[in-house]
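**Student:** Quick one: this structure, given as structure tokens, is what I'll be asking you about.
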């Protein structure tokens, strides 16, 4: 998710939460005959609410509000569902004569293939995404529960060095996660997804 989208999501959530909270508190205060709430609701004119739908501007106002809310809802939906994939990134050595570029996704797949040859690793998945404005290569290692975490840390450190050399000059961050297969379960075939939550290493 992009940083701008996350900020807008938080702003809309905060406004909606504040509106519901204030409305709920006012309703409770009015129910309890608190003077402040009575003064607030005293400004409401019941006749206006009854006559408003009969006015000529009502249909236009309702149509405009519906279109605005529909467009806002569609924009929020598309912004949150849009895949934030990372394209090719420029490397050191690029100049006016040409640009050196590489795909982080391809680097991730190559590193995943190398890691899967290690006996400690059951499978590896890689994904290049934009996370809150930061281009990130995310690697997830799946291993048997008997494999010590320290061994996987060392493998991750070695792979991170390879990735850093391949992406030297770019601003791509690298993350490694570990998933352990369920203890006591039959050993599945390669590339079977594990259920336990990942652990950041």
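The values are calculated or read from the model by the stated rules, or taken from the named source; none is laboratory data. Keep in mind it's a predicted model, so treat the numbers as computed, not measured. Neighbour counts are summed over all protein chains in view; Cβ atoms, including those assigned to glycine, are modelled from backbone coordinates with ideal geometry.
**Student:** Specify the residue that is modelled with the lowest pLDDT; the eligible residues are those in the range 83-104 that are surrounded by fewer than 12 Cβ atoms within 10 Å (Cβ to Cβ) and closer than 19 Å to residue 138 by Cα.
**Tutor:** Here the answer is 83.
**Student:** Would you mind stating whether residue 124 is touching a residue at least 40 places away in the same chain (Cβ under 8 Å) and assigned to a strand (DSSP E or B)?
**Tutor:** No, not satisfied.
Rundown of residues vs (1) in a helix (DSSP H, G or I); (2) surrounded by 10 or more Cβ atoms within 10 Å (Cβ to Cβ), yes/no style:
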| position | (1), (2) |
| --- | --- |
| 5 | yes, yes |
| 9 | yes, yes |
| 16 | yes, yes |
| 19 | yes, yes |
| 44 | no, no |
| 47 | yes, no |
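**Student:** Which of the residues belonging to the range 49-85 are over 30 Å from residue 173 (Cβ atoms) and outside any helix (DSSP H, G or I)?
**Tutor:** If the condition is that a residue be over 30 Å from residue 173 (Cβ atoms) and outside any helix (DSSP H, G or I), then 55 is the only one that fits.
**Student:** OK, next. Kindly list the number of the only condition in (1) modelled with pLDDT of 90 or more; (2) more than 26 Å from the chain's Cα centre (by Cα); (3) surrounded by fewer than 19 Cβ atoms within 10 Å (Cβ to Cβ) that fails for residue 185.
**Tutor:** (1)
Residues are listed down the side, and each one gets a yes or a no for (1) assigned by TED's automatic domain parsing to the domain that holds residue 112; (2) surrounded by fewer than 19 Cβ atoms within 10 Å (Cβ to Cβ); (3) touching a strand residue (DSSP E or B) at 6+ places or on another chain (Cβ under 7 Å); (4) modelled with pLDDT under 90:
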residue	(1), (2), (3), (4)
129	yes, yes, yes, yes
138	yes, yes, yes, no
146	yes, yes, no, no
154	yes, yes, no, no
157	yes, yes, no, no
175	yes, yes, yes, no
193	yes, yes, no, yes
